Amino acid sequence: MKFSSRSVVQALSLLIILSVLLSSVPAQFALADTNFALQFDGNNDYVLLAQTANIFGAGWESTKSVELWVRPEGISPTCQYPDPVWCDAVFGDRPRWWGISRGVINGLDRLWIWNWDTTGMDVIAIEYALDEWAHIALVHSDGILRAYKNGIEIGAVASGPTQQPSTGALPVLQLGGVINNAARNWTFQGQIDEVRLWNVARSAADLATFRSQELIGAEAGLVAYYKMSDGSGLTLTDDSIFDWNGTLLDGGGRVPADGQYPLWVASGAFSQ
């Protein structure tokens, strides 16, 4: 088979054009198939979600599950007072009635699962390794608060319905930190991925089986699902069927901005 000089030139020209086009594709397209996480600076980053009662629905004070992947970074703070309300918030509400925190209490550097009921604070401590991913779950139902790490139950404690403000105000859920003011700035340093909120009690088998698998988003009892699918921008998309999207904030007007919002980074959560 013979090729004319003209056909050879045309083929070479096409290859050059394709090469230029591929080299000019923006980075975010090259990372389109990468799993993302959000990285928080421990200074003033957090994600504002919706009101707790709206996301979870009726009865949430007694029955709820939260699971997420977390990678703590940096120096863990010594909590101002010896209870997790005064530690950095990985996940929780404002004002602070329950959640997942990180900090040093009585010399112990831990992740803390906690709930405030009519008798006071109920707490479970979880050991962690710096700069390593762990799947953490809070399950509250039938008067028991349970904590799980990587699908294994770490502890359980009696705990009644989560208390709420006597004024009738509705607390708001936040991810990566809670800020009241400059003196009460509880922001987490590290990465968070695959946040799943449920209005049912997740079993140990559920947590162990599905912790390293993405969900469909329409599972029974799933009320919000943040698998960090955005990869850019200031919106955290809810990948469930309910669209409880969050907003990435830099100070949120409660403390000065530092010019850096939570960062989208490649996630290594499911590789653990």
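The values are calculated or read from the model by the stated rules, or taken from the named source; none is laboratory data. Because the structure is predicted, anything quoted here is derived from the model rather than measured. Heads up, the Cβs are rebuilt from the backbone with ideal geometry, glycines too, and the neighbour counts pull from every protein chain shown.
The table that follows gives values for the structure above.
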{"quantity": "Yes/no for L215 being in contact with a Lys or Arg (Cβ under 8 Å, 6 or more places away or on another chain), at pLDDT 95 or above and surrounded by fewer than 16 Cβ atoms within 10 Å (Cβ to Cβ)", "calculated": "yes"}
{"quantity": "Residue, surrounded by the fewest Cβ atoms within 10 Å (Cβ to Cβ), within the range 243-272, restricted to residues that are out of contact with any Leu (no Cβ under 7 Å at 6 or more places or on another chain) and free of Cβ contacts under 8 Å to residues at least 60 places away in the same chain", "calculated": "G259"}
{"quantity": "The range 65-101, residues that are buried (at least 24 other Cβ atoms within 10 Å of the Cβ) and assigned to a loop (DSSP other than H, G, I, E, B)", "calculated": "C87"}
{"quantity": "Tabulated pairs, the range 215-231, first over 10 Å from N199 (Cα atoms), second basic (K, R), C-beta under 6 angstrom, 6+ apart or interchain", "calculated": "Y225/R196"}
{"quantity": "Conditions (1) in contact (Cβ under 8 Å) with a residue 40 or more places away in the chain; (2) within 16 Å of Y46 (Cα to Cα); number of the one not met by A201", "calculated": "(2)"}
{"quantity": "Residues of the range 104-139 that turn out to be in a strand (DSSP E or B) and at negative phi, as a count", "calculated": "24"}
{"quantity": "In the range 95-144, residue nearest to T63 (Cα to Cα) [restricted to those that are hydroxyl-bearing (S, T, Y) and out of contact with any strand residue (DSSP E or B) (no Cβ under 7 Å at 6 or more places or on another chain)]", "calculated": "S141"}
{"quantity": "Answer from I124, I192, I179 - the residue that is under 15 Å from E67 (Cβ atoms), more than 15 Å from the chain's Cα centre (by Cα) and among the hydrophobic types (A, V, I, L, M, F, W, C)", "calculated": "I124"}
{"quantity": "Cβ pairs under 9 Å, 6+ apart, first in the range 75-89 and at pLDDT 95 or above, second of a type in the set (S, T, Y) and in a loop (DSSP other than H, G, I, E, B)", "calculated": "C87/S76; D88/S76"}
{"quantity": "Subset of the range 153-176 that is under 17 Å from N54 (Cβ atoms), at pLDDT 95 or above and not in a strand (DSSP E or B) - its residue that is nearest to the chain's Cα centre (by Cα)", "calculated": "P171"}
{"quantity": "Any hit, the range 123-135, residues being surrounded by 15 or more Cβ atoms within 10 Å (Cβ to Cβ) and closer than 22 Å to N180 by Cβ", "calculated": "yes"}
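Residue-wise test of (1) within 26 Å of I179 (Cα to Cα); (2) under 17 Å from the mean Cα position of the chain (by Cα); (3) of a type in the set (A, V, I, L, M, F, W, C).
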{"position": "A204", "(1), (2), (3)": "no, no, yes"}
{"position": "E214", "(1), (2), (3)": "no, yes, no"}
{"position": "K227", "(1), (2), (3)": "yes, yes, no"}
{"position": "I241", "(1), (2), (3)": "no, no, yes"}
{"position": "N245", "(1), (2), (3)": "yes, yes, no"}
{"position": "Y261", "(1), (2), (3)": "yes, yes, no"}
